[in-house]
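Heads up: the structure comes next, in structure tokens.
A short reminder: the numbers here are calculations on the coordinates, not readings from a lab. These figures come from a predicted structure and were not determined experimentally. Note that each Cβ is placed from the backbone with ideal geometry, even for glycine, and that neighbours are counted across all protein chains shown.
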Amino acid sequence: MVLKRAEWPIPDEFAIAVATKVANYGAYVVLPEYGEKEGFIHISEISSTWVRNIRNHIQENQRVVVKVLKVDTDKMHIDCSLRRVSAETKRTKNNEWKRAQKAEKLLELIAKENDMTLEQVYEKIGWPIEDVFGEIYKGLERASDGGVEVFEEVAATKKLRKQVADLAKQRIEIPSVEIDGEMTITVPGPDGVEVIKKALSKGLEEGKKHDKSTTEIYTLGSPRYKLRIVSPDYQEAEVILSDILGLITKTVESGSGNISFVRK
């Protein structure tokens, strides 16, 4: 179960659905994010192509991503579509769902530790974290990296903020991005080797300025050298790459050498 603040989804929203019954005319589903509320996918909304056999597209107990078309709170019913969900939207929603599940597991531990219900924990700190960070799991990632100080604006007790931050540090692994590429460097003349060493040393020193990222440079056999940057943030990794390549290039070219870089 993953809780949502809203009791009902809204039209055009994308939601997780689980098929409970598949018939020739469509599929019945429940939406676990909304208290297992029932929905229906008409056969015309199953696929953009002709549906010869509906079970080739959806089966009982299968979890899918649907687009909400219409919500009737009086009849307690939700009309959904499968065909209006792109591959990219499906990946994004499934990733959001997995992150929400991880966040909820951590909140369950907080609930047990404080003899509270899961719903109470959501109200007392889950939703307040969402208010500040836009997503609970994003807030937990920030706390894992920065500690309880990142929760300064979260409207919760100091005790709960610290408990959640401490647990996040123990259980949440900060995601990282990796930029990997190959440099080809040639510098003519008797001082060529020293120029290359100097250039690569400057590159490594530049990388060390970013304490949350790591930079590796090593030889693949002259004139080829590997450059790898691992960072918690893609944009930061790109900046580091640009700075390092800029320094190495400047040093190599000052020695009348040449350098090229190819991403892998």
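Excluding the site residues themselves, the longest part of the chain lacking any chymotrypsin sites (Phe, Trp or Tyr not before Pro) in a DSSP loop with at most 14 other Cβ atoms within 10 Å is 51-264.
Rg and Dmax of the chain, both derived from C-alpha coordinates alone, stand at 26.1, 85 Å.
Exposure proxy shown here: for Asp115, Asp72, the number of other Cβ atoms within 10 Å sets the order, fewest to most, as Asp115, Asp72.
Backbone geometry of segment 6-18 corresponds, through the Karplus equation with coefficients 6.51, -1.76 and 1.60 at θ = phi - 60°, to 3J(HN,Hα) couplings of 7, 6, 10, x, 10, x, 6, 7, 9, 9, 7, 9, 10 Hz, x marking Gly and Pro.
Determine the relative contact order of segment 7-136: mean sequence separation of Cα pairs under 8 Å and six or more apart, normalised by residue count, in whole percent. Worked out over segment 7-136, it gives 22 percent. If you take the Cα centroid of segment 90-106 and the Cα centroid of segment 126-159, the two points sit 17 Å apart. Annotation: amide H-H contacts under 5 Å for Val29 (H modelled 1.01 Å from N, sequence separation of 5 or more, or interchain): Thr20, Gly39, Phe40, Ile41. Ordering Arg263, Arg83 by the number of other Cβ atoms within 10 Å of each residue's own Cβ, fewest first, gives Arg263, Arg83.
Pairs of Cα atoms nearer than 8 Å and 6+ residues apart set the relative contact order; for segment 139-264 it is 30 percent.
Between segment 226-264 and segment 166-181, how far is it from one alpha carbon centroid to the other, in angstrom? Segment 226-264 and segment 166-181 have Cα centres separated by 23 Å.
Based on Cα contacts under 8 Å between residues 6+ apart, the chain shows a relative contact order of 13 percent.
Mind giving me the FRET efficiency for Glu152 and Trp8? R0 is 35 Å, r the Cβ-Cβ distance, nearest 0.05 is fine.
The calculated FRET efficiency here is 0.60.
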